[in-house]
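Report on one structure; see the data block that follows.
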Amino acid sequence: MNESTQTTLFKQKRIGKVLPLAALGLAGTLYAMSINRRRKTADSSHSSLLKNIEHGSNSISFEWESSGESYRVFRDQEVIYEGVEPRLVDSDLISGTLYSYCIESLAQGEVRNRMRIQTTTSVNYKERDNVLEDLLITTIVLNDQISFEWEPIEGVSEYTIFKNGIKLDKVSSCTFTDRGISEDKSYTYTIKARRPLQRSDQVKWELKSVIANAVGAVKPDSSTRTAADEEFSITKRIAPINELLKPVSEQNHKNGNWQLRYTTFLKEEWLKNPNAASEDQYFKGDHRSFNPESSQYRTRAEVFIDAENESALLSKDTGVTEAFSSEHERIESASASDEGIQLEKILTDDDRIKFILKHAVSNPLVVSPAIDYVVCGVFYKDNEFDLIGTHDQAPEHEIYLKEPGTEKWEVIHQTHSKGLEMMADPMANHHWRYSTFTN
């Protein structure tokens with residue numbers, strides 16, 4: 001895949017939904033004004049065996065501790081190196097692609113220890129609208145520890161680490177090692193961070209920052225920081241160590257179909273229209289919490305992925321929007337158009353299928369900003385996947401996945417609304433990424 005096929009995540013905003021009038025005026029002002037390099041994942045590795053790793057757009061190089069007489073390295077299930085030197089350069093790779101390695105240290109022809117590494121090649125052009133899309137992340141698995149290394153996110157000084165939803169630590173470096181593990185348990189780790197809106201375009205940033213801070217100041221249940229801070233969450237699900245460290249010949253990759261479900265909804269029962277002059281004084285919410293099977297929602301998009309046959313199909317729907325008088329008498333109702341939900345840029349190669357899901361749907365009864373999100377999905381034939389997205393911090397967003405051979409929904413991402421004014425263009429977004437290391 002050449003660089004011209006690389007995914008670009010972007011946002012396209014529109015004007016005014018259930019938005020405080022002061023914020024709407026400020027937002028309106030803004031609308032009117034409107035190589036093959038090599039990089040290290042982090043400064044140093046916490047792994048006791050991996051000494052160094054560097055990433056190029058078509059190569060990955062490793063150096064590990066000398067702990068055997070000779071070494072054998074697999075990429076997926078293919079032997080790519082056998083020798084006595086504890087280093088390797090793996091070339092002719094695809095830019096921006098996830099790769100899995102197994103490094104075996106041998107003594108007298110027998111395996112002395114085994115290390116698994118999952119990492120990605122770099123890209124020549126890094127996506128700016130969602131920095132997580134091309135962020136280099138390396139996972140290292142040994143028989144007594146799990147380590148992570150990641151590229152710094154510009155403007156972030158601190159990262160909070162969670163394991164299975166429980167907070168473990170806060171770190172300022174871009175490395176973390178967990179030694180409190182059991183070999184027969186699966187773990188899900190999340191790295192969370194936040195930063196002020198970035199100065200990618202100085203004039204645009206200054207305008208957005210002023211407006212976002214102003215909205216935080218004028219809305220009683222919001223805050224300046226909420227309006228002006230971007231949020232990041234990076235999640236990695238890891239299979240039990242005793243499964244990952246099995247001999248490569250015993251690895252079993254399941255093939256089949258995937259089902260991705262992305263739903264937006266309003267948790268409130270009633271929402272007040274800030275426009276006092278409108279007949280539509282209240283809107284009916286979905287009045288629920290997170291639930292993958294709920295039939296109450298603003299929008300739902302489902303992508304059915306067949307990685308083996310290199311296909312992806314979209315199913316989409318919008319809920320009914322109902323408006324009521326001040327006495328809660330129903331005035332009108334309508335369903336929003338689903339034309340703003342599109343599956344684009346379906347790309348395939350020998351090992352994966354990649355697609356972009358774009359979403360921009362507005363309230364059909366009043367002039368409103370769209371519910372905006374973008375998802376980049378990459379599904380590999382070895383049963384791994386990598387999902388990267390960005391969305392407004394409103395309304396509620398919930399994302400689930402059914403993996404091949406199961407009818408159970410896996411929770412990928414869930415976020416509560418921070419107020420519908422967060423749907424306006426000046427507001428900070430939430431960036432997320434979820435990937436697996438299970439084979």
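Arranged from highest to lowest average of other beta-carbon atoms within 10 Å per residue, in what order do the peptides 232-244, 337-349, 280-292 appear?
On the way: 232-244: 19.4, 337-349: 15.2, 280-292: 17.3.
The peptides rank, most packed first, as 232-244, 280-292, 337-349.
Ranking GLU332, GLU327, GLU63 by Cβ neighbours within 10 Å, fewest first, what do you get? Let's see the in-between values first.
Numbers: GLU332 12, GLU327 7, GLU63 16.
Listing GLU332, GLU327, GLU63 from fewest to most nearby Cβ atoms yields GLU327, GLU332, GLU63.
Taking the radius of gyration and the Kirkwood hydrodynamic radius from Cα positions alone, what is the Rg/Rh ratio for segment 111-197, to two decimal places? Don't skip to the answer; put the middle values down first.
Values: Rg = 14.5 Å, Rh = 14.6 Å.
Radius of gyration over Kirkwood radius for segment 111-197 works out to 1.00.
Taking the convex hull of the Cα atoms, report for segment 251-384 its projected area averaged over all directions, in nm².
Numbers: hull surface 37.5 nm².
If I average the Cα hull's projected area over directions, I get 9.4 nm².
Where does each of 307-313, 258-264 land if you order them by average Cβ count within 10 Å, highest first? Before the final figure, lay out the partial values.
Working: 307-313: 15.7, 258-264: 21.6.
Highest to lowest by the protection proxy: 258-264, 307-313.
Treating only the Cα positions of segment 223-328 as identical point scatterers, give the base-10 log of I(q)/I(0) from the Debye formula at each q in 0.12, 0.16, 0.20 Å⁻¹.
-0.74, -1.01, -1.15
Can you pull the three principal axis extents for the Cα set of segment 144-189, in Å, largest first?
37, 18, 12
In whole angstrom, how far apart do the alpha carbon centroids of segment 81-105 and segment 273-290 sit?
56 Å
Looking at the square roots a ≥ b ≥ c of the eigenvalues of the Cα gyration tensor of segment 39-182, which shape do they give, rounded for a/c under 1.5, prolate if a/b is larger than b/c, or oblate?
Values: a/c = 2.30, a/b = 1.32, b/c = 1.75.
Judged from the Cα gyration tensor, segment 39-182 comes out oblate (a/c at least 1.5, b/c at or above a/b).
Can you flag which of LYS316/LYS345; LYS163/LYS354; LYS358/LYS418; LYS345/LYS381; LYS167/LYS246; LYS167/LYS236 are past 23 Å Cα-Cα?
Numbers: LYS316/LYS345 17 Å; LYS163/LYS354 28 Å; LYS358/LYS418 21 Å; LYS345/LYS381 19 Å; LYS167/LYS246 29 Å; LYS167/LYS236 15 Å.
Those over the limit are LYS163/LYS354; LYS167/LYS246.
Using only the alpha-carbon atoms, what does segment 45-104 span along each of its principal axes? Please give whole angstrom values in decreasing order.
In descending order, the Cα extents are 32, 25, 15 Å.
Can you work out D for segment 347-439 in µm² s⁻¹ from Stokes-Einstein, where Rh is the Kirkwood radius over C-alpha pairs, the temperature is 4 °C and the viscosity is 1.567 mPa s? Could you put the intermediate results ahead of the total?
Numbers: Rh = 14.8 Å.
So the translational diffusion coefficient is about 87 µm²/s.
I'd like the per residue volume of the convex hull spanned by the Cα atoms of segment 278-342, given in cubic angstrom.
Values: hull volume 6.3 nm³, N = 65.
Roughly 97 Å³ of hull volume per residue.
What per residue convex hull volume, in Å³, do the alpha-carbon atoms of segment 75-118 yield? Before the final figure, lay out each step's value.
Values: hull volume 3.7 nm³, N = 44.
Per-residue hull volume (Cα only) is 84 Å³.
Ignoring solvent entirely, what values of log10 I(q)/I(0) come out of the Debye formula for segment 344-389 at 0.20, 0.26 Å⁻¹ when each Cα is a single scatterer?
Once normalised to I(0) and log-transformed, intensities are -0.67, -0.89.
No value in this document is a laboratory result; all are computed from the given coordinates. Not measured: the values here are computed from a predicted model. Don't worry about glycine lacking a Cβ; one is built from the backbone with ideal geometry, like all the others, and counts go over all protein chains shown.
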